[in-house]
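Notes for the one structure printed next.
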Amino acid sequence: MGAFVNIRSNMPALYGAIAAVLIGVQILVLHAYGQPFFAASGRLALWVNDPFSRDMSQQLADWYSFSHLIHGFIFFGLLHLAAPRLPLGARLLIAMGVEIGWEIAENSPAVIQHYRQQALAAGYAGDSILNSLSDTAMMSSGFYFASKVRARYVVALALAFELFTLAMIRDNLTLNVINLVAPGGWAPIQAIHRWQAGAKH
């Protein structure tokens, strides 16, 4: 019994160590891909407002940070349904693993090239390591928030974020997923790209 209590008391430290390893893997792989630690422009900013700026996905936060908060909402909901008895810390580590896996895939040459076909990402060069780490932190924040708030409020906030970013930059998580998985030559996708390109005017 004493050994069990001792293990439970050490769980936060174990979770922290695993989280540090996951973040270390994220940094090392992105560095191996050649992604810069900070923005290639040489600037350091807390927020990037212009979706066509070369600093998009390079600084600490931007319009796509809202999408990563929603990732956290989604991961919490799915893991709450799939593994409700798993400790919250363990579920957060799973969510971090999935998010970091996506961050690594997103910055692979093939996915970067795919993104460049979109109107809002014509000059996309991938994330800086700082931005990628911020994305993971945003997801974790969204996950924690969802663990503390009633589900209906989380869903309402996710919808508000989607509508807000759609209105502000003509893009959001839903359109990102559609653009990523749908055939590039598909007429509705081309219509989305033309509509997004109109944000320049």
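The values are calculated or read from the model by the stated rules, or taken from the named source; none is laboratory data. Source: prediction; values computed, not measured. All Cβ positions, glycine included, derive from the backbone under ideal geometry; neighbour counts span all protein chains shown.
Of note:
- Yes/no for V177 being assigned to a helix (DSSP H, G or I), out of contact with any Ser or Thr (no Cβ under 8 Å at 6 or more places or on another chain), under 24 Å from V48 (Cβ atoms) and of a type in the set (V, I, T): yes
- The listed residue being over 14 Å from the mean Cα position of the chain (by Cα) and buried (at least 17 other Cβ atoms within 10 Å of the Cβ), out of V21, V48: V48
- Qualifying residue in the stretch 24-46 (condition: in a loop (DSSP other than H, G, I, E, B), among the basic types (K, R), farther than 15 Å from S140 by Cα and out of contact with any strand residue (DSSP E or B) (no Cβ under 9 Å at 6 or more places or on another chain)): yes
- Among residues of the stretch 62-75 that are within 10 Å of F143 (Cβ to Cβ), those with a Cβ under 9 angstrom from a residue that is hydroxyl-bearing (S, T, Y), sequence gap 6+ or separate chain, pair up as L69/S141; G72/S140; G72/S141; G72/Y144.
- Within the set F37, F66, F76, the sole residue that is at pLDDT 95 or above and farther than 20 Å from T174 by Cα turns out to be F37.
- Cβ separations smaller than 9 Å between residues 6+ apart or across chains give the following pairs from the stretch 150-178 residues that are among the basic types (K, R) to residues that are in a loop (DSSP other than H, G, I, E, B): R170/P51.
- Residues in the stretch 40-63 that are of a type in the set (F, W, Y) and modelled with pLDDT under 95: F52 only.
- Among the residues of the stretch 157-174, just one is part of a loop (DSSP other than H, G, I, E, B) and either under 14 Å from the mean Cα position of the chain (by Cα) or β-branched (V, I, T) (or both), namely N172.
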